[in-house]
Amino acid sequence: MTARTLLIAGVIGVVLCARAATAQPQQDESAAASPSGAQRATAVVLFLAGGTVGLAAHEGGHVAFDVLFDADPGIRRVDFHGIPFFAITHRNDLTPGKEFTISSAGFWVQHLGNEWILTSRPRIRYERAPLLKGLLAFNVIASGAYAAAAFLRTGPDERDTRGMAVASDLDEPWMGLVVLAPAVLDSWRYFRPESRTAVWMSRAAKIGGVLLTARAATR
């Protein structure tokens with residue numbers, strides 16, 4: 001799977017999610033009237049805004065711990081197989097525990113966001129909540145993209161999963177699983193809100209990822 005394939009898959013995922021966010025599922029108990037064209041357009045804008053909030057929150061998690069650890073945060077232009085992007089950077093002389101925490105912080109913020117949404121509104125799939133659905137979709141899609149990069153060991157050296165792998169002394173594909181598991185389980189919770197198994201497996205996967213900080217801290 002190439003980087004271009006991953007990008008195309010991500011775009012398709014966003015488009016499909018945006019389409020889903022503008023439509024009320026048939027199972028909705030409120031049975032509201034079908035939305036107008038203007039309402040659908042507004043829903044798409046709100047969905048994309050939710051994705052933007054998700055991106056800002058992910059990066060904000062990195063920056064928060066950069067500042068907390070006095071790690072001299074900065075921004076660097078990076079290239080992902082010809083696709084220009086940016087990365088939040090920091091000093092390269094941090095302890096493994098701090099490095100793992102900073103590299104993981106974006107995912108921790110995603111996990112907190114998903115947990116808040118899926119706990120407070122477990123049946124959000126059946127609601128018109130495009131902003132929150134956009135945030136949830138970003139978190140799931142971003143985790144999937146990072147996991148794919150980890151499995152393929154591809155992308156800029158500043159990628160989060162590589163930083164996590166180096167700090168914990170584990171192979172990067174394992175970090176891909178750490179990132180991917182909560183996303184898959186949160187998707188399960190979205191589509192099957194009645195499943196208590198999905199809820200507790202999702203929470204266990206998130207806590208497990210955080211506990212890896214202890215492994216890095218002891219190096």
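Values quoted throughout were computed directly from the atomic coordinates according to the rules given, and no laboratory measurement underlies them. This is a predicted model, so every value here is computed, not measured. Positions of Cβ are generated from backbone atoms using ideal geometry, with glycine treated the same way; all protein chains shown enter the neighbour counts.
Determine, yes or no, whether Arg125 is buried (at least 17 other Cβ atoms within 10 Å of the Cβ), under 29 Å from Tyr190 (Cα atoms) and among the basic types (Lys, Arg). Lay out the reasoning, then the answer.
Details: buried (at least 17 other Cβ atoms within 10 Å of the Cβ): yes; under 29 Å from Tyr190 (Cα atoms): yes; among the basic types (Lys, Arg): yes.
Here the answer is yes, as Arg125 does meet what is asked.
Take the conditions touching a Ser or Thr at 6+ places or on another chain (Cβ under 6 Å), among the hydrophobic types (A, V, I, L, M, F, W, C) and either surrounded by fewer than 18 Cβ atoms within 10 Å (Cβ to Cβ) or in a helix (DSSP H, G or I) (or both) and apply them to Phe100. Does it pass? Spell out how you get there, then give the answer.
Working: touching a Ser or Thr at 6+ places or on another chain (Cβ under 6 Å): yes; among the hydrophobic types (A, V, I, L, M, F, W, C): yes; either surrounded by fewer than 18 Cβ atoms within 10 Å (Cβ to Cβ) or in a helix (DSSP H, G or I) (or both): yes.
Answer is yes for this residue.
Identify, please: which residue in the range 106-120 is hydrophobic (A, V, I, L, M, F, W, C) and more than 25 Å from Thr89 (Cα to Cα) and is, among those, surrounded by the fewest Cβ atoms within 10 Å (Cβ to Cβ)?
So the first thing to find is which residues in the range 106-120 are hydrophobic (A, V, I, L, M, F, W, C), and the list is 107-109, 112, 116-118.
Those left that are additionally more than 25 Å from Thr89 (Cα to Cα): 116-118.
Numbers: Trp116: 12, Ile117: 21, Leu118: 22.
Filtering the range 106-120 for residues that are hydrophobic (A, V, I, L, M, F, W, C) and more than 25 Å from Thr89 (Cα to Cα), the one surrounded by the fewest Cβ atoms within 10 Å (Cβ to Cβ) comes out as Trp116.
Hey, among the residues in the range 53-80 that are free of Cβ contacts under 8 Å to residues at least 24 places away in the same chain and part of a helix (DSSP H, G or I), which one's farthest from Leu94 (Cα to Cα)?
In the first step, residues of the range 53-80 are kept if they are free of Cβ contacts under 8 Å to residues at least 24 places away in the same chain; the result is 56, 67-68, 70, 72-75, 77.
After this cut, where a residue has to be part of a helix (DSSP H, G or I) as well, the list is 56, 67-68.
Numbers: Ala56: 24, Val67: 13, Leu68: 12 Å.
Here the residue is Ala56.
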